[in-house]
Amino acid sequence: MSSTISIPRPRGTSELSESVYARSKDYVLYKGDSLALLDRFEDQTFDLIFADPPYFLSNGGFTCASGKRVAVKKGDWDTSKGIEADHEFTSAWLKACQRLLKPSGSIWVSGTQHVIFSVGFAMQQLGYKLLNTVTWYKPNASPHLACRYFTHSTEILVWASPPVKGKLQHKFNYKDMKEANGGKQMRDVWALPKTGDEELDANGEGHLWSMTSPKPSEKSHGRHPTQKPIALLERIVDACTDDDALILDPFCGSGTTGVAAVGKGRRFVGIDMDPTYLELTKKRIEAAK
């Protein structure tokens with residue numbers, strides 16, 4: 001692993017150093033608006049980008065948390081500004097990320113039905129190559145209080161590569177994923193970590209990966225309303241990067257991407273506007289190290 005992360009040269013006269021919240025030999029955290037900071041990195045900087053963007057759910061609705069009815073108030077950043085404005089924002093950050101990916105790199109974006117279709121459409125508009133949509137199944141999903149819908153128990157992750165001419169160049173550790181799946185090709189429906197349901201199916205064609213939401217131990221340093229389980233990010237890091245790869249999360253949140261990246265011997269760059277969550281990310285990464 002490199003002794004330090006070399007911060008890419010800024011574009012124009014903008015400096016990145018003024019926005020550094022914390023840095024170590026294997027990660028840098030930046031405080032600020034993602035769109036503004038993404039524009040300061042050089043082209044083709046990152047090997048992998050994972051993004052868990054706003055789902056635009058904090059609009060006066062309710063959800064179930066710990067068995068209780070609570071209002072959905074994740075923050076102003078999660079408030080919808082209308083379909084067109086929301087899609088414009090999605091397109092803007094995806095365009096910025098597209099410029100930052102190496103030809104061999106790829107991007108993963110997580111979301112529910114509230115945002116993921118906008119993400120997919122924006123990717124098509126921008127010329128991304130859509131590689132897979134992975135379905136993450138949550139066996140411990142919260143019940144739906146209105147009893148007017150099926151229980152929401154999945155999230156969709158879109159995996160895409162930057163535009164290329166000719167042969168695809170994105171990194172995919174196919175053999176490692178096949179080995180992790182009992183010698184069979186890994187499918188695009190994931191349920192992790194092991195829950196007892198991951199036996200080979202009747203045809204011996206592979207595992208269904210069953211993944212719960214983050215465990216209490218993953219929230220020991222603090223909580224974030226959209227925190228992802230470490231197993232999900234570890235799987236993505238394993239699948240799409242090699243040792244010492246540089247990974248970006250433009251909506252860092254609780255820092256799960258950074259924990260997975262550094263824990264797997266990669267380097268990490270995270271961006272968030274909220275110093276509370278940047279501090280949480282720092283604590284989690286340092287504790288994991």
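The values are calculated or read from the model by the stated rules, or taken from the named source; none is laboratory data. Fair warning: this is a prediction, and the values are worked out from it, not measured in the lab. Positions of Cβ are generated from backbone atoms using ideal geometry, with glycine treated the same way; all protein chains shown enter the neighbour counts.
Worth a mention:
- Segments classed as strands (runs of 3 or more DSSP E), wholly inside the range 52-129, with at least 1 members that are at pLDDT 90 or above and of a type in the set (S, T, N, Q): 101-111
- Considering residues of the range 146-186 that are of a type in the set (A, V, I, L, M) and at pLDDT below 85 only, the residue farthest from T133 (Cα to Cα): A146
- Flag for L248 being within 10 Å of the chain's Cα centre (by Cα), assigned to a helix (DSSP H, G or I) and touching a residue at least 60 places away in the same chain (Cβ under 8 Å): no
- Taken together, the residues in the range 20-39 that are in a loop (DSSP other than H, G, I, E, B) and buried (at least 20 other Cβ atoms within 10 Å of the Cβ) amount to 1.
Here's the yes/no breakdown for (1) of a type in the set (V, I, T); (2) in contact with a helix residue (DSSP H, G or I) (Cβ under 9 Å, 6 or more places away or on another chain):
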| position | (1), (2) |
| --- | --- |
| A96 | no, yes |
| R99 | no, yes |
| P103 | no, no |
| V115 | yes, yes |
| F121 | no, yes |
| G127 | no, yes |
| L131 | no, no |
| K138 | no, no |
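- From the options A141, A202, A239, A191, residue that is among the small types (G, A, S) and at pLDDT 85 or above: A239
- Pair list, Cβ < 6 Å and 6+ apart or interchain, from the range 161-174 residues that are part of a loop (DSSP other than H, G, I, E, B) and surrounded by 14 or more Cβ atoms within 10 Å (Cβ to Cβ) to residues that are modelled with pLDDT of 90 or more and charged (D, E, K, R): none
- With respect to (1) part of a loop (DSSP other than H, G, I, E, B); (2) within 30 Å of L278 (Cα to Cα); (3) modelled with pLDDT of 90 or more, the lone exception for S210 is condition (3).
- Entry remark, the range 83-118: residues being closer than 20 Å to T154 by Cα, touching a residue at least 40 places away in the same chain (Cβ under 8 Å), surrounded by 17 or more Cβ atoms within 10 Å (Cβ to Cβ) and in contact with a His (Cβ under 9 Å, 6 or more places away or on another chain) number 0 in total.
- Number of the exception - H224 against (1) part of a loop (DSSP other than H, G, I, E, B); (2) within 21 Å of A287 (Cβ to Cβ); (3) at pLDDT 55 or above: (3)
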